[in-house]
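The values are calculated or read from the model by the stated rules, or taken from the named source; none is laboratory data. Here the structure is a predicted model, which is why all the values come from computation and not from measurement. So basically every Cβ, Gly included, is an ideal-geometry build from the backbone, and we count neighbours across all protein chains shown. These area figures cover heavy atoms from the full protein model, side chains too; ligands, DNA and RNA do not enter into them. Shrake-Rupley method; radii C 1.70, N 1.55, O 1.52, S 1.80 Å.
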Amino acid sequence: MRIVAANRGPAPVLTFQGGYHGRSPFTAHLSASSRYRAAQPWSGPEVVRLPSPDCTTCPHQPAGGGCNPGCAAAIERLGVDDSLGVPPQVGALVIEPLLNVGGFVLPDSNHLRRVVDHVRALGGLIVVDEIFTGLHRFGPEWGFQLHGIEPDIVVASKALTNGVTPLSCVWAREPLAAPDVFPPGSHSSTFAGNPLALAVVDVVLDRWDRWNCAARDVAELDTLLATALRPLTAQDLVRDVRVVGGLAAVELTGPHAARVRAAAACPSGDRPGLLLASTGMAPSTVAVHPPPRDRSAAPAVMPYHQRSAATAGCADPWNGPRR
């Protein structure tokens, strides 16, 4: 965001409802949940939240399903129709290729491209948050490749060190971070250049370079996850199963994700517990995202989910998972 400000000044930043971009004193303002800003000491940057790109929950969804082109058409009035309160120049659009905390939802690509094109027409930069989605989580090296988007700035993190130690990376198109625009010293941190983190990322990136069939392996993981999990839609507790590369999201019929997670985590017989992901902004969704190269993990997921649905979906009025 410092690079955005250096190039575009203090202009408004656009994000999506349901988006998550961190909880620091700055990034909490970009994230959708008000809980992240409850104890903030300042009002933060000017942020305009666009309607959530989750077509399954959109109130404007057409009767036949799919994405409503009218949603993008409404967004294209921003910066043009002054009554909507957005000036004709904006600083940036910050997007996730897949809403993570917002419910593991893949936005409609045509809709996303229309929004990106409009923001560019208003002079805004396109910032893609690849902290969760980058490095082949969905098959391509970067999540934005799923949507046919060319970003101006990319932020990556988690997979760079395989979760061993914190490290993040910011890439910017030239000349956005050129020294005459973004001079040395414009940004730094206490732990920049941490030798442990740099050594870990050096090893991890060497292994990425040797992984010559990443897209194929993630596609196989996609098939395995779908085969293992889609039968769960026969359960009364499960509304839908969505699989995107190395991520599978199980949509429940109500806000029961926390109890399903607790049930799955309990060992049963000779089986260890299973760690599932869920979010506070999507209490009806649980997700599993095994290591992209560990295709052996996918077939083992189904019995755990079946047991979790059976134990959590009892007639008891949600007093907690049965043991």
* Asked: Is there a residue in the range 117-124 that is open to solvent by 10 Å² or more (accessible area, probe 1.4 Å) and either in contact with a His (Cβ under 7 Å, 6 or more places away or on another chain) or within 13 Å of T15 (Cα to Cα) (or both)?
  -> no
* Condition test on R216, is it assigned to a helix (DSSP H, G or I), among the basic types (K, R) and touching a residue at least 40 places away in the same chain (Cβ under 8 Å)? -> no
* Please state which one of A178, A192 is part of a loop (DSSP other than H, G, I, E, B) and at pLDDT 90 or above. => A178
* Asked: Quick one: which of P97, P88 is surrounded by fewer than 22 Cβ atoms within 10 Å (Cβ to Cβ) and assigned to a loop (DSSP other than H, G, I, E, B)?
  -> P88
* Answer with yes or no whether V94 is at pLDDT below 95 and within 27 Å of G246 (Cβ to Cβ). => no
* Structure fact -> Those strands (runs of 3 or more DSSP E) completely within the range 237-323 that have 2 or more residues that are of a type outside the set (A, V, I, L, M, F, W, C) and modelled with pLDDT of 90 or more are 238-244, 282-288
* **Yes/no for D206 being outside any loop (DSSP other than H, G, I, E, B) and surrounded by fewer than 14 Cβ atoms within 10 Å (Cβ to Cβ)** => yes
* To do: Any residue in the range 190-207 that's more than 17 Å from G134 (Cβ to Cβ): show its pairings with residues that are open to solvent by less than 80 Å² (accessible area, probe 1.4 Å) at Cβ separation under 6 Å, as long as the two are six or more apart or on different chains.
  => L196/T165
* **Restricting the range 219-236 to residues that are among the charged types (D, E, K, R) and assigned to a helix (DSSP H, G or I), the residue that is most open to solvent (accessible area, probe 1.4 Å)** => R230
* For the range 195-236, what are the residues that are at pLDDT 90 or above and touching a Phe, Trp or Tyr at 6+ places or on another chain (Cβ under 9 Å)? -> A197, D217, V218, D222
* Kindly establish whether L112 is buried (at least 21 other Cβ atoms within 10 Å of the Cβ), of a type outside the set (D, E, K, R) and not in a helix (DSSP H, G or I). => no
* **Top-ranked residue of the range 125-145 - restricted to ones that are open to solvent by 10 Å² or more (accessible area, probe 1.4 Å) and part of a helix (DSSP H, G or I), ranked as nearest to A156 (Cα to Cα)** => F144
* Can you name the condition, by its number, that T27 falls short on among (1) within 23 Å of R114 (Cα to Cα); (2) surrounded by 12 or more Cβ atoms within 10 Å (Cβ to Cβ)? -> (1)
* To do: With the checklist (1) of a type in the set (D, E, K, R); (2) open to solvent by 10 Å² or more (accessible area, probe 1.4 Å); (3) modelled with pLDDT of 95 or more in hand, flag the one item D81 doesn't pass.
  => (3)
* Structure fact -> Within the range 28-79, the count of residues that are farther than 18 Å from D108 by Cα, out of contact with any strand residue (DSSP E or B) (no Cβ under 9 Å at 6 or more places or on another chain) and in a helix (DSSP H, G or I) comes to 5
